[in-house]
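Single-structure report; data block below.
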Amino acid sequence: MYTVMLVDDEAVLRSGMRTFIPWRELGFQVTAEAENGAKALERILQGDIDVVFVDIHMPRMSGIDLLEELAKREPDVIPVVLSGYDNFEYARAAVKYKAVEYLLKPVDMDELIPLMQSIRGQLDRRKREEAERLQFRCQLLESVLLKLAGGLTGLSEDSMESFIRHFAGYELRLAAIAGTGTDVGTDKKTASEQLSERLGDEMAVSTELSHYGLLLAAFQPGDSHPENNGFHLAEMERSLADKLDNRADAIAIGPLLTAKDWIGYAHSAVETGYLERRLFYASSKVIRLEASVPSCTRRRLEPDDKLGKAVTEGIRGNDLQLIRQTMSELYFMLQANPQYDPDSVRQIYKWLMCCAAEEAAVLGGRSFTEENPGSGLSERLPTLFLLHRDTLRRIEEIAGRLAAAAKDKKRRIVMEMKRYVNERLAEPIMLTELADKYSISQEYLSALFKKEEGVNFNVYLRDIRMKRAMELMEADCTFKIYELAQQVGYSDPRHFSKVFKESTGMTPKQYAESR
């Protein structure tokens, strides 16, 4: 529904027009009134007025003066003159300042209704034409953004001139969005639509590059003045951050530029890798790009054998502190030197991941062998922070799995040793035999058993033999000492008796009698 303002110093006339004219049936509604031209102009300049009915004779500012101001400052507002005088000079002034009609008071409905129908048709046509122009500009904006994603190689000189011409007076702002969410691409598109709604009549379009998305907003003439720049920037930041929420890991927002300046800026920002580097090395969620693309020589990060060796040693010794320290030193070095090409950095992190995986495969065997241990690092992680965090987490997982597997293996060996002892208590048992069985040294096996069980192996063997001897005597107290000694692996009865008394405080005979 279109809006109408009534401007007349006679309150009764304004009330009558507001009440008795079927505005809604005609597609209009009265949204504002004023008793003089000065107040009317102040309200009209605030916007949202389509048609204004203007009296000629008013205090402070006459209707003719108001028409003159509107012709200069708000040419889209359609004025209709109301007058109690059939005066040629007034009528001529009304025509001069683009009034669509000169109506005499009191208003004749037979004149007014066809007039409002005509005005509505004019406004409808204007709305359609504006929608078509907006659609064309959006398509042009999206086309240029797509070309930008391809390095502007497909943008001809004619297309560039057409873009600059159609956006003359507009100012443009580029944003880049890095995110790892599976639906972040869709959300970037939705964010551009939401951004258009939040900024008013402005346009916003988006497209995708390899590791991040691009979003371009164009601001209407008159809305990109310096005093509005901060508002638009804050709205853009808020809109993108709110819409993308946790799916956006970094958002970079560029300066407000004319169409001509924007083409050069955007091309340089993408072509030199500046945009990707700023996103990749982002230290906060939202960053603001410099007003001009700084010159910077791209550098490739080459593999450092010391890094690979440190990670390998950390895996081999289950030294998480060494791994974390090594990775942290790399991370902070890169943060201090953001000129390194992001792809080369991704390759280094992938290489370190492979170093860890390969060492784990050597130590842990087939279960630790991965066909492509670094897969996903370069494809999914658009920022250094995420790349570092994910790689470190995966390396720590490898170290943890390897340590758990080693612990399980050690525990399994100890459990097998105990089972071996229980099954062969009547036989001579030597730690050297067990060491040979597991292909490890006697010293290591002894230390492993004590670490897992809390007692020396020989002490455990003695205690389990004494326990078995007591169980035998409890079941049958008629055992001879030498028979009992043989049952628990002692060939010398006297030595058995001595060990039994040291363990229980009683001789075997005393223990049997006490039962």
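The values are calculated or read from the model by the stated rules, or taken from the named source; none is laboratory data. Just so it is clear, the structure is predicted and the values come from calculations on it, not from any experiment. FYI the Cβ positions are ideal-geometry reconstructions off the backbone, even for glycines, and counts take in every protein chain you see.
Here are the numbers:
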item: Those residues of segment 23-68 which are touching a residue at least 40 places away in the same chain (Cβ under 8 Å) and in a loop (DSSP other than H, G, I, E, B), in sequence order; result: Gly27, Asp48, Ile49, Asp50, His57, Met58, Pro59
item: Test result for Glu427, of a type in the set (Asp, Glu), over 29 Å from Gln487 (Cβ atoms) and at pLDDT 90 or above; result: no
item: Qualifying residue in segment 365-377 (condition: out of contact with any helix residue (DSSP H, G or I) (no Cβ under 8 Å at 6 or more places or on another chain), outside any loop (DSSP other than H, G, I, E, B) and at pLDDT 90 or above); result: no
item: Qualifying residue in segment 312-327 (condition: among the hydrophobic types (A, V, I, L, M, F, W, C), surrounded by 20 or more Cβ atoms within 10 Å (Cβ to Cβ), assigned by TED's automatic domain parsing to the domain that holds Thr383 and farther than 28 Å from Ser284 by Cβ); result: yes
item: Arg515 in contact (Cβ under 8 Å) with a residue 24 or more places away in the chain and surrounded by 15 or more Cβ atoms within 10 Å (Cβ to Cβ); result: no
item: Some residue of segment 476-483 being more than 18 Å from Phe500 (Cβ to Cβ), assigned by TED's automatic domain parsing to the domain that holds Pro508, part of a helix (DSSP H, G or I) and out of contact with any Cys (no Cβ under 8 Å at 6 or more places or on another chain); result: no
item: Odd one out for Pro294 among (1) under 26 Å from the mean Cα position of the chain (by Cα); (2) more than 25 Å from Leu215 (Cβ to Cβ); result: (2)
item: One residue from Pro79, Pro106, Pro59, Pro114 being loosely packed, with under 13 Cβ neighbours inside 10 Å and either modelled with pLDDT of 90 or more or among the polar types (S, T, N, Q) (or both); result: Pro114
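Matching residues to (1) within 20 Å of the chain's Cα centre (by Cα); (2) assigned to a loop (DSSP other than H, G, I, E, B); (3) at pLDDT 90 or above; (4) among the small types (Gly, Ala, Ser):
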position: Lys309; (1), (2), (3), (4): no, no, yes, no
position: Met327; (1), (2), (3), (4): no, no, yes, no
position: Phe332; (1), (2), (3), (4): no, no, yes, no
position: Gln335; (1), (2), (3), (4): yes, no, yes, no
position: Ser344; (1), (2), (3), (4): no, no, yes, yes
position: Tyr349; (1), (2), (3), (4): no, no, yes, no
position: Met353; (1), (2), (3), (4): no, no, yes, no
position: Ala357; (1), (2), (3), (4): no, no, no, yes
position: Ala360; (1), (2), (3), (4): no, no, no, yes
